Every structure is written in C-alpha cells, then in structure tokens.
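The block underneath contains the structure these notes are about, expressed in structure tokens.
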Amino acid sequence: MGNKLWTITRNTFFETIRQPIFGILMWATVVWIAVFGPTLSAFTLEAGGDTKMLIDNCLATLLLFGLLTSVFSASNVVTREIESHTVLTVISKPVGRPTFFVGKYLGVAAAMFVAYYFLSIVFVMAVRHGVMERASDKYDQPVLVLGSAALVISLVAAGFCNYVYGWNFSTTLTAWIVPLATVALVVTLFFDKQWNPQSPTTYFGYKESINPMGVYFAILLVFLAVMVLTAFAVAFATRFSQVVTLVLCSGVFLLGLLSDYYFGPGHKHEQTQLAKLLYGVLPNFQFFWLGDAITQQIDIPAAHVRRVCAYAGIYIAAVLAGGVALFQTREVG
C-alpha cells in the first residue's frame, strides 16, 4: 500500500505543478505581493502602519490563493479523471479507493506546499523591503538585487531546458526558483539595506512595530487553513464539477470566517441548536487568522499555535474521511 500511495502522490504532485492555472495563479500572487501590495498599503498615514497593512494584505492574498488554487488543482486531478474514466485504469488494479483518494490529496497538498513556501519567501522579502512611507526612504538593495537575480537565473535556466531538452517550462521554473529564492532570502538576512553586514537575527528594521515570531506564526496558520480548504476541494471534487466545487468551497470559506459572528456563543442572539451544530461542524477560520493580532501588536502565545495545529490536523482527517465515504459510492465506469 505504501508504494501505491507514494506513486499516486508523486504523479499527482507533478500533474498539479504542470497545470497552467497553477502557474498562473502562483505568479499572479507573486506580482500582487511584490508589486501591488507595497503600493496599495502606502496610505495609512501612520508611522509603521503601512508595513502592518502590507502584512495584513499579503496574508489575505495567500489565503485567497489557497482557496482558488486548491479548487482548480483538485478539479483537474480528480474530477477530470473521473469524468474521462481514466480513474478506471488505476482502480481496476488492486488499488483501493481510499488509497487513491488520500494519494490525490497528498499530491495536491504537496504542490500547494511548494507554491506556498515560495510565496512565503516573497512575502518575507516584501516585508523586509517595507513600504516606501517617506521620500527619504531608501530601496532595500539586497532584496531587489538578489531577488531579481534569482528570478532571471530561473527564467533563463527554465527556457534553456525547455528549448534544448523539452522539459516542461513551468515545472522547471518552479524547480529553480524555489531553492534560489531560499538562498536569496538567507543571504539577504546578513546585510542591511545598503549592503552593510548585520546579524541574521536582526529583524528587517521593524522591531518596534512588528513581532517577527507573530509573522511566522501567521504564515504557518494561514497555510494550515489552506490545507483544510484543500481537503474540502478534493472531497467535493469526487462528486461535483469544477464550478460547483468552487462555489461549495467558497461557501465553506465564508461561513468559516463568519462562524463566530453568526453561530458562536459570544454573539448577542440566543444560540439555537442549529447554530450550535453549525458552529461545531464548520471550520472556524478565525482561529487561523493572526493578522489583527500583528497589527495591534498583541503577543501570540505558542500554546495557541499548537492548539490550532492540532485542530487543523483533526479537521483535515475528518474531511478526508468524509471524502473517502463520498468516493466509495461514486460511479466511475
């Protein structure tokens, strides 16, 4: 079973990475975080407030990226295989449906992790550069030079490999940009904005207004929220088309964000039995959102992060169990 699960996961991972929509959404998010994010965040009229707004906008962008990419990826690797009956070539062999379903989820989740890891690097580099709040602010030269170098080298390498060896351009570009961006970020930590050496533990020059661990915790919890959405997307994709899957996942996402307000016990109205049921069943995405705590400079306890991690793990397992049940009775012939 282990070899079969690994094979399905591996094939699904590469299939997801090769999808044009996956690359389009990932690079559109890169442009938004690196270019439009700092530009649109420069209007708070508060010292240090623009960078806080940038963090808030980027976290929301990562969450939206996770919703859209997980739905389109799951639909392409699950729904289309079922509708085209290619899934029969796998299930007709001694491969159980639970193994097939879990392998599909793990493959999509792995691709989402790679994209999210790269976007997190872009996010951290954008925060390192900060928003140009004043005319006297200087550009962060290491961020611009090393980030641009990583991108140019990756584009040249991907184009060369595609032209000479016929390798998939999107997959090759991802394989190059992720490690190069990691190296660029690590090297950047050792220099300030004007290439003067500094300790890598110095946090980007915003120690007065930003808690570095809070930013890292926020990135982690948003990723866990994306993993929950991915579980829903793969489960719904076993039964519904791409459009319906997108609508259902969007509904789960919105209801999860508003769960405390409409169904929680802290609201002014009386909590009915139906509200209690919905509050317990729906994922509460407010648990995963730390943007408000960062902007209000509230310390985020590690115990809260551990509890949310456990909550996410249990919830993902429950959604996957439901997805297996849905797929068990699905006609694929």
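Quick notes on this structure:
- Taken as a whole, the condition of being surrounded by fewer than 17 Cβ atoms within 10 Å (Cβ to Cβ), touching a Phe, Trp or Tyr at 6+ places or on another chain (Cβ under 9 Å) and modelled with pLDDT of 90 or more applies to GLY159.
- Extreme residue, surrounded by the most Cβ atoms within 10 Å (Cβ to Cβ), among residues of segment 178-208 that are hydroxyl-bearing (Ser, Thr, Tyr) and modelled with pLDDT of 90 or more: THR188
- Check on VAL226, at negative phi, modelled with pLDDT of 85 or more, assigned by TED's automatic domain parsing to the domain that holds PRO98 and not hydroxyl-bearing (Ser, Thr, Tyr): yes
- Per the listing THR86, THR99, the residue uniquely surrounded by fewer than 21 Cβ atoms within 10 Å (Cβ to Cβ), part of a helix (DSSP H, G or I) and of a type outside the set (A, V, I, L, M) is THR99.
- Condition check for ILE314: closer than 22 Å to TYR216 by Cβ and either at pLDDT below 95 or not charged (D, E, K, R) (or both): no
- Residue selected from segment 73-90 under the condition among the aliphatic types (A, V, I, L, M), under 30 Å from the mean Cα position of the chain (by Cα) and farther than 15 Å from PHE236 by Cα, by the criterion modelled with the lowest pLDDT: VAL90
- Only listed residue being buried (at least 21 other Cβ atoms within 10 Å of the Cβ) and either modelled with pLDDT under 95 or assigned to a helix (DSSP H, G or I) (or both), chosen from ALA126, ALA175: ALA126
- Some residue of segment 13-33 being in a helix (DSSP H, G or I) and among the acidic types (Asp, Glu): yes
- Identity of the residue in segment 132-144, of a type in the set (A, V, I, L, M, F, W, C) and at pLDDT below 80, that ends up farthest from VAL35 (Cα to Cα): ALA135
Table: residues versus (1) among the aliphatic types (A, V, I, L, M); (2) over 21 Å from THR99 (Cβ atoms); (3) in a loop (DSSP other than H, G, I, E, B).
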site: ALA293; (1), (2), (3): yes, yes, no
site: ASP299; (1), (2), (3): no, yes, yes
site: VAL305; (1), (2), (3): yes, yes, no
site: ALA310; (1), (2), (3): yes, yes, no
site: GLY313; (1), (2), (3): no, no, no
site: ALA321; (1), (2), (3): yes, no, no
site: ARG330; (1), (2), (3): no, no, yes
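The values are calculated or read from the model by the stated rules, or taken from the named source; none is laboratory data. What you see is a predicted model, and the numbers here were worked out from it, not measured in a lab. When we count neighbours, we look across all protein chains shown, and the Cβ atoms used for this are built from the backbone with ideal geometry, even at glycine.
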